[in-house]
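Single-structure report; data block below.
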Amino acid sequence: MAVHEEKHEESLLEKISEKIKGDSSSSSDSDDDKPSESSMKVKVFRLFGRERPVHHVLGGGKQADIFLWRNKKVSTGALGIATVIWVLFELFEYHLLTLVCHLLILALALLFLWSNATSFILKSPPRIPEVQIPKDPVLEFAEALRFEINRALAVLRDIASGRDLKKFLSVIAGLWVLSIVGNWCNFLTLFYIVFVLLHTVPVLYEKYEDKVDPFAEKAWHEIKKQYAVLDSKVLSKIPRGPLKKEKKN
């Protein structure tokens, strides 16, 4: 009987140990499956190769809030002011100098009459604030403008050196399209169109990006396919002097 009880206890211990090993192996297998599943995840295609939200792509801050209509009053006001300026200069054929002079005449006349009328109605004259342009914002804007211009010049220099044919063709195509648009409208109309697009396209894309990105992915793959055909038949046969010299050296 004692031998039988010892055998029974050993069988119970073996079953318990096997169960523990099975649980640990299943947990390790599940842990191993987790990274494999994450590694098998397909990277979602985003327009322009972005990995951040649209708000961060637009620079974040107040300007992004305006373009994405996070503050509807400010966005409506900015778009309304731009529309009024475009209507004045394009539809009514107003000129900038004329508009500035007329606004100054109106403001000075109202303030002058108000200042003199207060002596008759026994009220204190209006307090005209002292307006000065601050130094720091002007310097920051000039510094940012200088940086952007230098970066654009560096890109143009890199393109002109003949190192990247794809970038060269894309810039030439962009400038050609821009020249065609310039024949259709003047600079102010073009600026107004871009301003309106900035107030409509980003917010619509942010709302419908799950539908736009798959369509953009298909279009991008088709463009790459057509470019590969063009490169194999035409572009690869174009001699490139500077690159050959560098290879020989």
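So if each residue of separation counts as 0.36 nm, and I subtract the Cα-Cα distance between A216 and V177, what length gain in nm does that give?
12.0 nm
Could you sort S124, S115 by their accessible area in this structure, using a 1.4 Å probe and putting the largest first?
Sorted descending by solvent-accessible area, the residues read S124, S115.
Given a 1.4 Å probe and heavy atoms of the protein chains only, how would you sort W114, W86, W184, largest accessible area at the top?
Result, largest first: W184, W114, W86.
L99 to A144: FRET efficiency via 1/(1 + (r/R0)^6), r the Cβ-Cβ distance, R0 35 Å, to the nearest 0.05?
Plugging the Cβ-Cβ distance into 1/(1 + (r/R0)^6) gives 0.80.
Pop out the ³J(HN,Hα) list for the range 108-115 in order, Karplus 6.51 cos²θ - 1.76 cosθ + 1.60 with θ = phi - 60°, rounded to Hz; leave Gly and Pro as x.
Here the 3J(HN,Hα) series is 5, 5, 5, 5, 5, 5, 5, 5 Hz.
The values are calculated or read from the model by the stated rules, or taken from the named source; none is laboratory data. This structure is a prediction, so every number in the text was calculated from the model and none was measured. In this analysis, Cβ positions are derived from the backbone assuming ideal geometry, glycine residues included, and neighbour counts consider all displayed protein chains. Keep in mind that these areas ignore ligands, DNA and RNA; they rest on the heavy atoms of the full protein, side chains included. Shrake-Rupley method; radii C 1.70, N 1.55, O 1.52, S 1.80 Å.
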